[in-house]
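Take a look at the structure set out below.
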Amino acid sequence: MTARTLGVIFALSIITLTFQHSLAQGPKAGAGAEVAMTKADFDPLIGGCGGVYFLAEPGELVVEVVKRDRNARNTISELRAILVGPDREVLQEEFIPDDGQEVGSGLGPALTVTLRTTVQRTGIYALNVTVSRDRYGMHMVWGFRTNCPKYLIETARGHKDQRHQEPIVLENPDKPVTVCFHPRQGTFGVQLTGLPADAQPPTVHSANGEQLGVLTIGEPGTATWTAPADIHRDAIPWQLRLPSGKATINIEGVTIWGDAEPIGNACYWSPDPASWFPFIENRWLLTPYQGTIYADAGERGEVNLRVHNNAMEERDFALSVEFPDAQWPVEVRPAEVTVGARAASRVTVRYTVPEGEGPHQAYVRVTPSDTPAVTTWSALTIEPGEAPATKPLEMPLEVTPYAHENKQFGYLPDYPLGYQVYFSPDNQPYMRFGQGVATFRDGEGVITSINDALTARSETFEGQDVSLASTKIAFDADGGLYLPARCADKSALVYSADGGSTFEVYEIPGARGNIDIENFSGQNIAEGPPPFVRFRRTAKTTKLKWRSLNDLELFVPKKVNGRIEIGEPILITKMCIGLSAHSGIPSSVVSRGSKVHVTWGEATDPEEKVPGVPAYCVTYDAQTGELGKPALLGYGPPANDVHNSPSITMSLDAYLHVLIGTHGRPFQHCVSKQPNDAGGGWPEPLSAGEKLNQTYIGMVCTADGTLHVVYRLWQWGEPYPNSSHATLAYQRKRPGQGWEEPRILVRAAFSEYGVFYHRLTVDHAGRLFVSYDYWSTHWFYRNDHVGNRRAMLMSPDAGETWKLAETRDLVLGL
């Protein structure tokens, strides 16, 4: 079995991988060279973060960035500016330091930095702007000037756990400012706040200068206007003209979006009508932006690229190949493609590696037929030899902006990357893939759609499609495969008796809820169908974001004459706070024989002073039908926070291990005094470390009794001296010893908030697998990428060494 063989099977998963490469950048212009700036001044000064997209033609590209601190709080506001090419090669990175002024001194002096490069071929370049300790861009304003005549701003802050909005904030009270934007169809509202007290009414115009409306001045500092649905959109962009350029601007469809917006979650605008170019309909024209492949001379291969049409109508695109110097065998097929509205089409790049030392480079260009001036390209780089991804790596992986696992290590997996891998009792790997299951049979990758392979279903589900409700895959001792699902607005359990070739679906009685099924965590294999719990929300506390009340119910299914009997729910508690499972995916259930053990956290009275979320564990005996008395294990701070979900596993000798979840505090470890029994007593919890800022538990136990944990760990200091940053950390505890110090597996590419959507699993040989998808709070960075950035690490030696997983690593245990 080879990577090339499996690459055809899993081509769709490869499309979503962001290829990266190290393109040799063109020579920089001299630092003191005089350049005529098309945008000659820094105005308007902008609040918030984000960046700018440039349609740059051959020649010199210069971007000068300014920052002025508001000096409203005692913090260090350091601006980070990154200039990247069409292939997202970082061309230059600069920092503007804090101005050092006293708190309360007002808007500080203008500090600037210049970024420049030589553009070798026309394409879409980008400027990325973030600020330390200020992901919302509230404590400074910035601006830019450039010699590039065509550009578009994207205002993009860090995320909030609420409806996404990106208001345009202007800080030029003494000058008029124009905001050019793309109006959505239908009626929409425009609202301004923060206007000067004596501000004149702003007006709205079409691109040809026709006045479309006048905003109505209302409460002090506010103005509003509603665009009628019947005003033509023939001349775009529209212009919002402010006589005084100080305001906070919200425009429906531009800064705030509904669920069905054609352009959503991206705030595009420009202060100059002449700079506008059709970027919106040409966003994500060709991805991945770049790719690195390791191969030897004479080898043939292919990669898939994605041509995207972001417009509301069908369009045609032409593709071609360019070279930086000598040509070598590369072709793209088809050379022309028609793509439907808001859709994408795949093209294939085939190559033969030439002789010579390399690296060998080629650029695949895409050109829309209706807007041929807006053309850009993706880069392909062939490096000689074996990819670093095939060998043990020096940890941590230092993810840097736009340079992830492929660029740094040649990571190019041919297995599905959407979700984590689980292993059946015979060590066969399985992964969820869309609404189906992927695995390997006879050395080939196989994907089976559940709805296409259903052979039996509950009567309630006749004629209804099944959708999977979890990324977990569970097994019984006979190799039966189970997946939580939904069907006809009810909870369901999908079962396969033949390794995922065919499926049956069974209704779970009662109201729909979130299902957490027992999965293999190292030393537990359910003899029959794996037990599962259901979380059903019954109340939500509006003033406490992370508190809700849930009924927690246990199900212990049985297999009778080859069919699954779900059984009735067993109520565990009505005070469960819920389950935090987007990262870590903690295990709520573990079993051995007839004993089923459940752990959970509870909500408490907000008026009650408690040290955290109380964590409990209880044992249910499926043979006698007896539910034991819940044991209070400890508390995960802070209180009433669903992030603090505990996780349970067991050792080979059946002792229960519970790690109490926290939100930015050290985890607490508990071990049962009696094997296979939560009611036999628990000693005081043991802290997993001092002053560790831990969240999102993923935990397994290997045969020697060692606990392995992967989680998000906040750190301060280098490489971000002025702020905090997220890391993906690994920690273990050997039997009879304390918790070892954390080891960093992956470090975030940006400071401020980040998460890794990680999952830790283990196979039956004790090998560890960590699936992760680095997610930055910064919308500008995330919006630029198509698909996820998921990768998978594995350790063959219980956490001593780590490498990026290859297909041969997944099937090695077979």
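The values are calculated or read from the model by the stated rules, or taken from the named source; none is laboratory data. From a predicted model like this one, the values you see are computed outputs, not experimental measurements. Note that each Cβ is placed from the backbone with ideal geometry, even for glycine, and that neighbours are counted across all protein chains shown. Please note that ligands, DNA and RNA were not included when accessible areas were found on the heavy atoms of the full protein model with its side chains. Shrake-Rupley method; radii C 1.70, N 1.55, O 1.52, S 1.80 Å.
Each row is one residue, and each column tells you yes or no for (1) out of contact with any Asp or Glu (no Cβ under 6 Å at 6 or more places or on another chain); (2) modelled with pLDDT under 95; (3) assigned to a strand (DSSP E or B); (4) closer than 22 Å to P413 by Cβ.
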| residue | (1), (2), (3), (4) |
| --- | --- |
| T338 | no, no, yes, no |
| S345 | yes, no, yes, no |
| E357 | yes, yes, no, no |
| Q361 | yes, no, yes, no |
| D370 | yes, no, no, no |
| G385 | yes, yes, no, yes |
Pairs, please: C-beta under 6 Å, at least 6 apart or cross-chain, first residue in contact (Cβ under 8 Å) with a residue 40 or more places away in the chain and under 19 Å from D272 (Cα atoms) and in the range 163-192, second small (G, A, S) and surrounded by fewer than 20 Cβ atoms within 10 Å (Cβ to Cβ)?
P173/S244
Suppose we filter T542, T538 for residues that are out of contact with any Leu (no Cβ under 8 Å at 6 or more places or on another chain), open to solvent by 10 Å² or more (accessible area, probe 1.4 Å), farther than 23 Å from N427 by Cβ and of a type in the set (V, I, T); which single one remains?
T542
Inside the range 435-450, can you point out the residues that are free of Cβ contacts under 8 Å to residues at least 60 places away in the same chain and within 17 Å of D414 (Cβ to Cβ)?
R441, D442
Suppose we keep only residues that are more than 30 Å from A266 (Cβ to Cβ) and part of a loop (DSSP other than H, G, I, E, B) within the range 286-314. Which one would you say is least open to solvent (accessible area, probe 1.4 Å)?
A295
Being open to solvent by 30 Å² or more (accessible area, probe 1.4 Å) and among the hydroxyl-bearing types (S, T, Y) is the filter here, so list the residues in the range 145-188 that pass it.
T178, T187
Go through the range 200-221 and count every residue that is part of a loop (DSSP other than H, G, I, E, B), open to solvent by 20 Å² or more (accessible area, probe 1.4 Å), touching a residue at least 12 places away in the same chain (Cβ under 8 Å) and of a type outside the set (D, E, K, R).
5
Please specify each residue of the range 222-277 satisfying the condition of being in contact (Cβ under 8 Å) with a residue 60 or more places away in the chain, open to solvent by 40 Å² or more (accessible area, probe 1.4 Å) and part of a loop (DSSP other than H, G, I, E, B).
P243, P262, N265, D272
Which residue out of G358, G410, G385 is of a type outside the set (V, I, T) and free of Cβ contacts under 8 Å to residues at least 60 places away in the same chain?
G358
Just need a number here: residues in the range 711-725 that are more than 16 Å from D98 (Cβ to Cβ), surrounded by fewer than 17 Cβ atoms within 10 Å (Cβ to Cβ) and in contact with an Asp or Glu (Cβ under 9 Å, 6 or more places away or on another chain).
1
I'd like the full set of residues that are part of a strand (DSSP E or B) and either in contact (Cβ under 8 Å) with a residue 60 or more places away in the chain or open to solvent by 30 Å² or more (accessible area, probe 1.4 Å) (or both), limited to the range 729-753.
Y730, R732, K733, W739, R743, I744, L745, V746, R747
